[in-house]
Amino acid sequence: MHDIKRKFNTVVELGCGRGYIGRHMIQENVGTLFQCEMSEKMLEQCMGPEDNIPTWRVHADEEFFPFRNDSLDLVVSSLSLHWVNDLPGIFKQINNSLKKDGAFIAALFGGDTLYELRCALQIAETEREGGFSPHISPFTEARDLGGLLARTGFSLVTLDVDEIKVNYPSMFEVMQDLKGMAENNAAWKRPLRLMRDTQLAAAAIYKEMYGNEDGTVPATFQIYYLIGWKPDPSQQKPAKRGSQTVSIKDLDKLGKLAKEAQKKDNKFSIEDFEKLGLMVDKDDKK
């Protein structure tokens, strides 16, 4: 948000938790903040911005976005959308609620999150019980996320991927930490218990397959960072096809042009392009 040089008058923090993002917002970027959270207890513990920003707390389900169409300037969400069952649906609702040229900025867990724990549990459960159940909720893939945003009406979509590895003494500390984060399994058809010998086998498999030299085990958290904008006529658009003046096959000559431009105090003209044969004849365009 701080990298965007504009002020968003009406901002929603979706899935705010205890206010991890909202507390860092400042008056230069935000006019009014609405913090939305499905858990009433977490909303009660939610911290507002340290700066003096008018803030409202809304108890709402992320899948049923409670804001009117064309009413918001910015929606942000940090590591909560992996709980949403209908991701295209919430993307569409967010797009509808944004004003023209409004932005949607989010971070959510990616498909490789906790793959070590997932694989260890599946192998151990298959060996001990003859099959396995889903103990980790499914996550979206990067190749699907950009398409979802485009299909739900966003433009100028940008997506970035990061991986964070956290080391733990064993698999049991990983599971304990996930429970403390309220990120443990919540699937409706999940098994209510996991056999003790299966857990011990999974811990041994986890350490054998992924363990570090110092005896610890890593847990991978893959995070997708994305931004999308609601279309507006004022936004930049790609140039028309066939409007180029430089041929791609001649890009190797640009180095020579840059050196000549430095000799001329970084000034060069169309004639300099023509001398290097970088100009495309209009008759040659297809």
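The values are calculated or read from the model by the stated rules, or taken from the named source; none is laboratory data. Everything numeric here is computed off the predicted structure, so don't read it as measured data. Every residue, glycine as well, gets a Cβ built from its backbone with ideal geometry; the counts of neighbours run over all protein chains shown. Keep in mind that these areas ignore ligands, DNA and RNA; they rest on the heavy atoms of the full protein, side chains included. Shrake-Rupley method; radii C 1.70, N 1.55, O 1.52, S 1.80 Å.
Listed residues Arg128, Arg143; which is farther than 19 Å from His82 by Cβ, charged (D, E, K, R) and surrounded by fewer than 20 Cβ atoms within 10 Å (Cβ to Cβ)?
Exactly one of Arg128, Arg143 is farther than 19 Å from His82 by Cβ, charged (D, E, K, R) and surrounded by fewer than 20 Cβ atoms within 10 Å (Cβ to Cβ), namely Arg128.
Just one of Asp112, Asp101 is out of contact with any helix residue (DSSP H, G or I) (no Cβ under 6 Å at 6 or more places or on another chain), of a type in the set (Asp, Glu) and outside any strand (DSSP E or B); which is it?
Selected residue: Asp112, the only one of Asp112, Asp101 that is out of contact with any helix residue (DSSP H, G or I) (no Cβ under 6 Å at 6 or more places or on another chain), of a type in the set (Asp, Glu) and outside any strand (DSSP E or B).
Per-residue answers, yes or no, for (1) in contact (Cβ under 8 Å) with a residue 12 or more places away in the chain; (2) within 28 Å of Gly131 (Cα to Cα):
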| position | (1), (2) |
| --- | --- |
| Met175 | yes, yes |
| Asn185 | yes, yes |
| Leu194 | yes, yes |
| Pro218 | yes, yes |
| Phe221 | yes, yes |
| Tyr225 | yes, no |
| Gly228 | yes, no |
| Arg241 | no, no |
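Kindly check whether there is at least one residue in the stretch 194-210 that is hydroxyl-bearing (Ser, Thr, Tyr), closer than 30 Å to Ser155 by Cα and either open to solvent by less than 50 Å² (accessible area, probe 1.4 Å) or over 28 Å from the mean Cα position of the chain (by Cα) (or both).
So far as the stretch 194-210 goes, no, none of its residues is hydroxyl-bearing (Ser, Thr, Tyr), closer than 30 Å to Ser155 by Cα and either open to solvent by less than 50 Å² (accessible area, probe 1.4 Å) or over 28 Å from the mean Cα position of the chain (by Cα) (or both).
Just to verify a result, which residue in the stretch 16-25, among those that are open to solvent by 10 Å² or more (accessible area, probe 1.4 Å) and either part of a loop (DSSP other than H, G, I, E, B) or in contact with a helix residue (DSSP H, G or I) (Cβ under 6 Å, 6 or more places away or on another chain) (or both), is farthest from Val76 (Cα to Cα)?
Ranking the candidates gives Arg18 first.
Scan the stretch 32-53 and tell me whether some residue there is surrounded by 15 or more Cβ atoms within 10 Å (Cβ to Cβ), more than 21 Å from Glu183 (Cβ to Cβ) and free of Cβ contacts under 8 Å to residues at least 24 places away in the same chain.
Yes: the stretch 32-53 contains one or more residues that are surrounded by 15 or more Cβ atoms within 10 Å (Cβ to Cβ), more than 21 Å from Glu183 (Cβ to Cβ) and free of Cβ contacts under 8 Å to residues at least 24 places away in the same chain.
For Arg68, indicate whether it is more than 17 Å from Phe154 (Cβ to Cβ), part of a strand (DSSP E or B) and open to solvent by 70 Å² or more (accessible area, probe 1.4 Å).
no
Name the one entry in Arg57, Arg6 that is assigned to a strand (DSSP E or B), over 19 Å from Leu108 (Cα atoms) and basic (Lys, Arg).
Checking each option against the conditions leaves just Arg57.
Just give me the residues in the stretch 66-102 being of a type in the set (Asp, Glu) and touching a residue at least 40 places away in the same chain (Cβ under 8 Å), in sequence order.
Residues satisfying the conditions are Asp73, Asp101.
When you check Glu63 against the structure, is it of a type outside the set (S, T, N, Q), in contact (Cβ under 8 Å) with a residue 12 or more places away in the chain and assigned to a loop (DSSP other than H, G, I, E, B), yes or no?
Yes.
Per-residue answers, yes or no, for (1) at pLDDT 90 or above; (2) within 35 Å of the chain's Cα centre (by Cα); (3) within 30 Å of Val84 (Cα to Cα):
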{"residue": "Pro218", "(1), (2), (3)": "yes, yes, yes"}
{"residue": "Tyr224", "(1), (2), (3)": "yes, yes, yes"}
{"residue": "Lys240", "(1), (2), (3)": "no, yes, no"}
{"residue": "Lys253", "(1), (2), (3)": "no, no, no"}
{"residue": "Glu260", "(1), (2), (3)": "no, no, no"}
{"residue": "Phe268", "(1), (2), (3)": "no, no, no"}
